[in-house]
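First comes the structure, then the notes that go with it.
The values are calculated or read from the model by the stated rules, or taken from the named source; none is laboratory data. Here the structure is a predicted model, which is why all the values come from computation and not from measurement. With ideal geometry, Cβ positions are generated from the backbone for all residues, glycine too; neighbour counts draw on all protein chains shown. With ligands, DNA and RNA removed, areas are computed over all heavy atoms of the protein, side chains included. Shrake-Rupley method; radii C 1.70, N 1.55, O 1.52, S 1.80 Å.
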Amino acid sequence: DVKVTQSSRYLVKRTGEKVFLECVQDMDHENMFWYRQDPGLGLRLIYFSYDVKMKEKGDIPEGYSVSREKKERFSLILESASTNQTSMYLCASSYRDPHRESTEAFFGQGTRLTVV
Amino acid sequence: QQQVKQSPQSLIVQKGGIPIINCAYENTAFDYFPWYQQFPGKGPALLIAIRPDVSEKKEGRFTISFNKSAKQFSLHIMDSQPGDSATYFCAASMTNRDDKIIFGKGTRLHILP
């Protein structure tokens, strides 16, 4: 079974704090993603990584950065947390299929972050 | 152009009915259209997916209909059950370029017993 593990289910942080959200996958997937999920807005892509040390901005990268030093681990960093970053954060990974047949993404259970 | 528009935002259907969720896209470079299902407290999980070279795909009670010329696709759930109550997301990606997945805003489906 593919497993995508996010380090925390719930986090409460103060405005201005630096926040690290960690994600680990155990299937040797090349692709990893960070999304945030908000009611009525669906899943919005923050950052995408297709290889170690490689990253691409998604639709809403402002206020976030990422780190991928090892293939299995993808970290999302909030440099200075703000209240508008209160949200559910979802990490996902997928196999980089050379034949491009499928890009099924496997998701973690999410981290609900509250910034006060 | 990267957007995937999904409707309705919420849907209530009697058990045994056929809920239909619709999605539309603009970018013709999209070539892979998955649907994800999310239960409360869980991450989304792949339900069914289709490529634009077919007009319909069926897996169990779930069917995707695809209209390439209209750039629309939809999910139908046959003989719906209360256990199908979940949030459903349509999505699109350009597997011929990269593997980024763009999601719709989701539909909260509730099946009445």
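Quick notes on this structure:
- Hits in segment B:15-55 - residues which are surrounded by 14 or more Cβ atoms within 10 Å (Cβ to Cβ) and closer than 16 Å to B:Lys105 by Cβ: B:Ile21, B:Asn22, B:Cys23, B:Ala24, B:Tyr25, B:Phe33, B:Pro34, B:Trp35, B:Tyr36, B:Gln37, B:Gln38, B:Pro44
- Every residue from segment A:6-21 that is open to solvent by less than 50 Å² (accessible area, probe 1.4 Å), in a strand (DSSP E or B) and either β-branched (Val, Ile, Thr) or closer than 18 Å to A:Ala92 by Cβ (or both): A:Gln6, A:Val19, A:Leu21
- Residue count for segment A:49-64, restricted to those that are facing chain B (nearest Cβ under 10 Å) and over 21 Å from B:Lys5 (Cα atoms): 2
- Against the list (1) more than 10 Å from every other protein chain (Cβ to nearest Cβ); (2) of a type in the set (S, T, N, Q); (3) out of contact with any Asp or Glu (no Cβ under 6 Å at 6 or more places or on another chain); (4) surrounded by 16 or more Cβ atoms within 10 Å (Cβ to Cβ), the condition B:Gln72 fails is (4).
- In segment A:27-48, the residue that is most open to solvent (accessible area, probe 1.4 Å) out of those that are more than 8 Å from every other protein chain (Cβ to nearest Cβ) and of a type in the set (A, V, I, L, M, F, W, C) is A:Met27.
- Yes/no for A:Ser94 being under 19 Å from B:Asp99 (Cα atoms), touching a residue at least 40 places away in the same chain (Cβ under 8 Å) and open to solvent by less than 30 Å² (accessible area, probe 1.4 Å): yes
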